[in-house]
Amino acid sequence: MSADGSGDKQEQLDPLRDRPEDGPLTTNTGTRVADTDNSLRVGERGPTLLEDFHFREKITHFDHERIPERVVHARGAGAYGVFRPYESLAEFTRADFLQDPERETPVFVRFSTVAGSRGSADTVRDVRGFAVKFYTREGNYDLVGNNMPVFFIQDAIKFPDFVHAVKPEPHNEIPQAQSAHDTFWDFVSLQPESTHMLMWLMSDRALPRSYRMMQGFGVHTFRFVNAEGRGTFVKFHWKPVLGTHSLVWEECQTIAGKDPDFNRRDLWEAIEAGDFPEFELGVQLVPEEDEFRFDFDLLDPTKIIPEETVPVRPVGRMTLNRNPDNFFAETEQVAFHTAHVVPGIDFTNDPLLQGRNFSYLDTQLIRLGGPNFQQLPVNAPVTTVRNNQRDGYGQHRVHPGRAAYSPNSLAGGCPATASEAAGAYVHHQERVDGVKIRRRSESFADHYSQATLFWNSMADWEKEHIVAAFRFELGKVGDRRIRERQVDRLNHVDHALATRVAEGIGVAPPKAPVTENHGRTSPALSLAESPAETIATRRIAVLAADGVDGTDVETLRSALTDGGAIVEVLAPRDGEIRTADGGTLTVDRAMSTMASVLYDAVCVPGGEDSARALGEDGLARHYVAEAFKHGKSIAALGAGVEVLRGLNLPDVRLAEDGDGVVDDLGVVSGTDDGKAATVVAAFADAVAYHRHWARDSDRVPG
Ligand code: HDE
């Protein structure tokens, strides 16, 4: 730690890291243990003795290993990293960590799903949590956001109702981690303020390809305050450097079985491989005098400020560069709180934010077993903590002295409060006059305009996915009146949307629109607008069998790994296979241990024997057909094109001899000698594009 008490987070954690290799096994009181495999008993076949303190301690500790999981966001994955601003933001905020582009601030991030329990699958349809703890020199600042910029409710008092509705139903605890059931749709269909968020939840945003490829949002309007005390409203955005990408719903359901840890594993492996995830922090700034300039209320968390109205200004970059050492100690015990703020960042009167400011500490008191959880290593600030708070479960500090109160004279008045000039947090002054009242402001009453804005801004394929999602979810709802009520809500968003959903779920379509669609769009809302310039960290499966063209495999591997992709050779069995020229090729994985849903793209190199074997192998055929169905890029070289031809992929033109390279609907093929490099280059472009929606995927069995 430096003189001002601040220091590096990893340096702070290092002495706390266990080093089992440094000495023998001990009890918790440090006594060395001779045998941890046999309990102490009377004779070899006799009863166990109460005197066996090592046995009792070991079992007792084990019996108490579990703590309550988070009531929401139970399933998560965490990582450490650093944040660095691009420029000083002193004009808007005095927050120390946003002043100097030379200064790195350590961070811990936890991504999560919301509804599922700790052991649920990653790829469910859900909102994702995106919580960042900045260990600043002025104390911890937590930006506890989601991957969607709005929320289901406007007032925190509705949160228990909302969560009870989305969680598994109480009589039978079914379904796990799913919103597709009666109680959820019952609640939201009676709650028009949820409509905008439902559009996001039914969109592909709810199915992120990776935690590294999703946006983050602070959701509420917060307030920056500069050194002169001037406030500026601010909305926070995180933009992933790799672009924002999603899975498709059918793929998600399959992955939930094939690899329930899909997103968690992806984050872990990327960091282990040195492919450090990066996110750009952006802010939308609104001067205080412009508070009433919008056709919605800035305090309403069911509204966005369209980026076309107030642009997102990039202000810094976060790089995640270290996996936790211990999931429980760090990812499970981390405690985020919207009220962990530093000077220069303040709240607004958003009633959802105000409620959150109560809830997080309250829930952590029970989840983390008492009031001292800020002393846990992952939560401890890198600044010195000094106050008169004492005792409680799990107290790790030794507080010397007699005076644990203020004011005192016995300890010389210490610890003394600081002035604002000396870095103390001083709340932004705001005049508030009013009558005590339980009522929502009229300015929160429009629940549909921005839901319509979202719908209007979607590309055609995104609209298809939204309709399909509503049909899936409402199709799982047993009570027909709930289905009808939700269709009625959707008719307030867009008549065509409501009609199409109704047609899929056996409900009479609404006869007429409630209001005319306003026709406005915000292009930034569409995933189609996300940059698609890189194949970095995309997983590509190369299918091969004995007799594969080894040169093709090398061409694929070197070109794609040069672009940063991860290339794996999959064969019917693990070990080695023979190449056409008599060499050998190491197999990375047996096809049966993976699935095409776990890859971003699939390719089939040349080699006649290999192509013949793969063409007759149901699993290999499924890899390609499923990748096609999910819009993934596919490449085939030489005889490998025959494998694709055998699948009768709808409407796709494949290369014949003399054609050169054919690139159709993201399927790149070439049979001519010497064309491998050109096929691979076109394939790489197709992979960067992510998914190819123009295909007639519905005709492929799924
Ligand atoms: Fe949370 N939320 N929340 N939430 N939330 C929790 O805190 C709550 C809301 C968010 O990785 C809980 O420690 C209320 C919006 C994230 O540890 C709890 C309301 C947003 C995480 C809680 C909201 C979030 C949580 C559960 C309505 C996005 C996971 C365990 C007023 C801006 C943090 C815990 C982590 C966790 C309360 C709404 C994000 C119960 C009362 C809106 C990312 O305190």
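If we count every other residue with Cβ under 10 angstrom of residue 280's Cβ, Lys/Arg +1 and Asp/Glu -1, where does the sum land? Charge balance near residue 280 sits at +1. Each stretch of four or more DSSP H residues adds -39500 (n - 2.57); spread over every residue of the chain, this sum gives -7500 deg cm²/dmol at 222 nm. Projecting the Cα atoms of 368, 113, 211 onto the charge dipole of the stretch 76-375 (Cβ charges, centred on the Cα centre) puts 368 farthest toward the positive pole.
For the stretch 356-394 versus the stretch 147-201, the spacing of their alpha-carbon centroids is 30 Å. At the listed q of 0.19, 0.23, 0.31 Å⁻¹, the Debye profile of the stretch 128-170, built from one uniform point per Cα, gives log10 I(q)/I(0) equal to -0.76, -0.89, -1.05. Each of 481, 538, 612, 19 was scored by other Cβ atoms within 10 Å of its Cβ. Listed from fewest to most, they are 19, 481, 612, 538. The C-alpha atoms of the chain define a longest principal axis, and helix 618-629 lies at about 70 degrees to it. Charges were assigned to the Cβ only: +1 to each Lys and Arg, -1 to each Asp and Glu. The resulting dipole of the stretch 547-653 about its Cα centre is roughly 340 debye.
Could you give me D for the stretch 76-375, from Stokes-Einstein at 25 °C and 0.890 mPa s, where the hydrodynamic radius is the Kirkwood radius over C-alpha pairs? Units µm² s⁻¹, please. The estimated diffusion coefficient comes to 124 µm²/s. For the stretch 245-307, the Cα-based Rg and Dmax, in that order, read 19.3, 53 Å. Here's the list of aspartates and glutamates a cross-link from residue 9 could span, going by alpha-carbon distance under 20 Å and ignoring same-chain residues fewer than 8 apart: 18, 96, 100, 102, 104, 138, 142, 272, 278, 325, 330, 332. Amide hydrogen proximity for residue 113: with H placed 1.01 Å from N in the peptide plane, the residues at 5 or more positions away or on another chain lying under 5 Å are 75, 129.
Farthest toward the positive end of the dipole of the stretch 344-497, out of 497, 381, 353, is the Cα of 381, where the dipole comes from beta carbon charges about the Cα centre.
Cross-link partners of residue 167 among aspartates and glutamates, defined as those whose alpha carbon lies under 15 angstrom from its own and excluding same-chain residues fewer than eight positions apart: 69, 126, 182, 186, 473. Once the mean of 1/r is taken over each pair of separate Cα atoms and inverted, the stretch 539-699 shows a Kirkwood hydrodynamic radius of 15.0 Å. Bridging of residue 436 to aspartates and glutamates at a Cα separation below 15 Å is possible for none of them, once same-chain residues fewer than 8 apart are set aside. As a length-normalised measure over Cα pairs under 8 Å and 6 or more apart, the relative contact order of the chain settles at 11 percent.
A viscosity of 0.692 mPa s and a temperature of 37 °C, combined with the Kirkwood radius over Cα pairs in Stokes-Einstein, give a translational diffusion coefficient for the stretch 395-469 of 166 µm²/s. Only one residue of 611, 551, 527 has its Cα farthest out toward the positive end of the dipole of the stretch 524-615, where Lys and Arg carry +1 and Asp and Glu -1 on Cβ, and that residue is 527.
By other beta-carbon atoms within 10 Å, ranking 690, 428 with the fewest at the front produces 428, 690.
Scalar couplings 3J(HN,Hα) for the stretch 363-380, obtained by applying the Karplus form with A = 6.51, B = -1.76, C = 1.60 to θ = phi - 60°, are 5, 6, 4, 8, 5, 9, x, x, x, 9, 6, 5, 7, 4, x, 5, 8, 4 Hz; x denotes Gly and Pro.
Taking Cα centre as origin and charging only the Cβ of basic (Lys, Arg, +1) and acidic (Asp, Glu, -1) residues, the dipole magnitude of the stretch 626-702 rounds to 360 debye.
Between 0 and 90 degrees, the angle of helix 550-562 with respect to the longest Cα principal axis of the chain falls at about 30 degrees. Ordered by the number of other Cβ atoms lying within 10 Å of each residue's own Cβ, fewest first, 141, 86 fall into the sequence 86, 141.
For the chain, what class follows from the C-alpha gyration tensor (a ≥ b ≥ c being the square roots of its eigenvalues): rounded when a/c is under 1.5, otherwise prolate if a/b is larger than b/c, else oblate? Taking the square roots of the gyration eigenvalues as a ≥ b ≥ c, the chain is oblate. With contacts taken as Cα pairs under 8 Å at a separation of at least 6 residues, the stretch 535-660 carries a relative contact order of 26 percent.
Neighbours of residue 303, meaning other residues whose beta-carbon lies under 9 angstrom from its beta-carbon, give a summed charge of -3 when Lys and Arg score +1 and Asp and Glu score -1. Remark on residue 144: its backbone amide H falls under 5 Å from those of 132, a criterion applied only to residues 5 or more positions apart or on other chains, H modelled at 1.01 Å from N.
Within the stretch 453-529, all pairs of alpha-carbon atoms sorted by distance into 5 Å bins from zero give the percentages 3, 18, 25, 22, 18, 10, 4, 1.
Only the Cβ atoms of Lys and Arg (+1) and of Asp and Glu (-1) were treated as charged; on that basis the dipole of the chain about its Cα centre amounts to roughly 2400 debye.
A short reminder: the numbers here are calculations on the coordinates, not readings from a lab. The shown structure was predicted, so the numbers you read here are calculated from the model rather than taken from an experiment. Heads up, the Cβs are rebuilt from the backbone with ideal geometry, glycines too, and the neighbour counts pull from every protein chain shown.
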